[in-house]
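Enquirer: One structure is given below, represented as structure tokens, and several questions about it will come after.
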Amino acid sequence: MTEESAVLGVGVLGCADIALRRGIPALLTTPGVRLAAVASRDGAKARTFAERFHCDAVEGYDALLARTDIDAVYIPLPSGLHAEWADKALRAGKHVLAEKPLTTSAEATAALVTTARERGLLLMENFMFVRHPLHAEVRRLVAEGAIGAPRAFHAAFTIPRRPDDDIRYQAALGGGALLDVAGYPLRAARLLLDGPPAVMGAVLTHDPARGVDVGGAALLRTPGGTVAQLMFGLDNAYQCAYEVWGSEGVIRVDRAFTPPPGHTPVIRIERGGEAEELRLPAADQFALAMRCFAATALSGDGFEDHAQDALRQAELVDEIRRMASAERN
């Protein structure tokens, strides 16, 4: 890629629903990006995607990685396949954007970070909600003292029970609540609190029939003493929200992690017995995430920051799993 061309050729590994609905449409609106090809193990499925999005169809992921017109790959595969194909993509000289979680363990993530660093490539985990301007506004309000000194953070991401054959219940493919939904409140705590949190305790609820955890909770604490309580589950009423509690008030945010592009975000500030609502412009967080990935890959700056961010996330997930296991024993 020359500076004059400044175009990132992108290939998509897998024809997942999230790629169909959000990922590829966002790529197509991203400046400096050319969607080169979509790959599937099923040639017919790849052709269906390719016809819809006007790119090449490729049968087999290895064949896509062998193409010289592809500089980066977007990986919307099941979580349990991320480590294998992210590693192959990096070794093929491609930048990598993978849907969360980047891998299913800190050990696997660390290996990818090393490979990306050795090859001078971008490795990014796609927690797209962190790109939404809503959360920058919450950070600004907290920093300016809108609720006094931060004391606690409460966040929940829970969804109703899915059909028994849903991929979220397949342990071999990285299923379970900890890997699927816990990452959102955990990443939000890391984004909004005063310093890197440590896990103080955790519980996981397991479904023996499915062989995966279907819910849980974690307690974290920052170096400054702010406590975070996180709830997550795959067999609950829908919750997608967080609250920042301060010494003088509370900030509440609903539809925090998966707002549709047309959603108008609302920040509710409660202080001194009064409540105020701030309404922000709608934003497409998927499009913003793709723009961040492309701009970073093209600039060559910030690679290590994104890699370390994914590694710290994976380390905390591992620690929640370890703490929960200790509680069960």
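Enquirer: Ignoring everything except DSSP H segments at least 4 long, calculate the 222 nm mean residue ellipticity for the chain; use -39,500 (n - 2.57) per segment, divide by total residues, nearest 500.
Expert: After summing the helix terms and dividing by residue count, I get -10500 deg cm²/dmol.
Enquirer: Let me ask you something else. Once you have the Cα-Cα distance between Ala275 and Lys88, take 0.36 nm times their residue separation minus that, and quote the gain in nm to one decimal.
Expert: Values: separation 187, 0.36 × 187 = 67.32 nm, distance 5.16 nm.
Length gained, Ala275 through Lys88: 62.2 nm.
Enquirer: Starting from the Cα gyration tensor of segment 1-152, take the square roots of the eigenvalues, sort them a ≥ b ≥ c, and report rounded, prolate or oblate (rounded when a/c is under 1.5, otherwise prolate if a/b is larger than b/c, else oblate). Intermediate values should be presented prior to the final figure.
Expert: Values: a/c = 1.88, a/b = 1.64, b/c = 1.14.
Here segment 1-152 falls in the prolate category.
Enquirer: Still on this structure: Carbon and sulfur together cover what percent of the accessible area of segment 211-252 at a 1.4 Å probe radius?
Expert: With neighbouring chains kept in place, the figure for segment 211-252 is 54 percent.
Enquirer: Does the chain come out rounded, prolate or oblate by the C-alpha gyration tensor, with a ≥ b ≥ c the root eigenvalues, rounded set by a/c under 1.5 and, if not, prolate when a/b is larger than b/c and oblate if not?
Expert: Judged from the Cα gyration tensor, the chain comes out prolate (a/c at least 1.5, a/b above b/c).
Enquirer: What FRET efficiency would be calculated for the residue pair Ala6, Ala152, taking the C-beta separation as r and a Förster radius of 35 Å, to the nearest 0.05? Show your work: numbers first, answer last.
Expert: Working: r = 45 Å, r/R0 = 1.29.
For Ala6 and Ala152, the calculated efficiency is 0.20.
Enquirer: Would you calculate the separation in nanometres between label points at Ala171 and Arg322, each defined as 7 Å from the Cα along the Cα-to-beta-carbon direction?
Expert: So the label points at Ala171 and Arg322 sit 2.1 nm apart.
Enquirer: Return one whole number: the accessible area per residue of segment 92-141 in Å², for a 1.4 Å probe.
Expert: 33
Enquirer: Which GluC sites (Glu not before Pro) from segment 259-324 combine a DSSP loop assignment with at most 13 other Cβ atoms within 10 Å?
Expert: Values: sites: Glu270, Glu274, Glu276, Glu277, Glu304, Glu315, Glu319; in loops: none.
Sparse-neighbourhood loop GluC sites (Glu not before Pro): none present.
Enquirer: Same structure, new question: Ignoring solvent entirely, what values of log10 I(q)/I(0) come out of the Debye formula for segment 208-326 at 0.15 Å⁻¹ when each Cα is a single scatterer?
Expert: Values, matching the q order: -1.10.
Enquirer: Restricting the count to DSSP beta bridges whose residues both fall in the chain, what percent are antiparallel, rounded to a multiple of 5?
Expert: If we restrict to bridges inside the chain, about 60 percent are antiparallel.
Enquirer: Follow-up question, since we're still on this one. Eigenvalues of the Cα gyration tensor times 5, then square-rooted: what semi-axes does that give for segment 139-240, in whole angstrom, largest first? Could you put the intermediate results ahead of the total?
Expert: Working: eigenvalues 179, 34, 20 Å².
Equivalent ellipsoid of segment 139-240: 30, 13, 10 Å, largest first.
Enquirer: Looking at the P(r) of segment 46-133, how many percent of alpha-carbon pairs lie beyond 17 Å?
Expert: Summing the P(r) tail past 17 Å for segment 46-133 gives 51 percent.
Enquirer: So what is the accessible area of segment 152-208 per residue, in Å², with the probe set to 1.4 Å?
Expert: Accessible area per residue, segment 152-208: 40 Å².
Enquirer: While we're here: Please find the FRET efficiency linking Ala198 to Asp62, where r is the Cβ-Cβ separation and R0 is fixed at 45 Å, and quote it to the nearest 0.05. Show your work: numbers first, answer last.
Expert: Details: r = 40 Å, r/R0 = 0.90.
According to the calculation, E is roughly 0.65.
The values are calculated or read from the model by the stated rules, or taken from the named source; none is laboratory data. The structure presented is a predicted model; accordingly, all values stated were derived computationally and were not measured. Note that each Cβ is placed from the backbone with ideal geometry, even for glycine, and that neighbours are counted across all protein chains shown. Heads up: the accessible areas ignore ligands, DNA and RNA and are worked out on the full protein's heavy atoms, side chains in. Shrake-Rupley method; radii C 1.70, N 1.55, O 1.52, S 1.80 Å.
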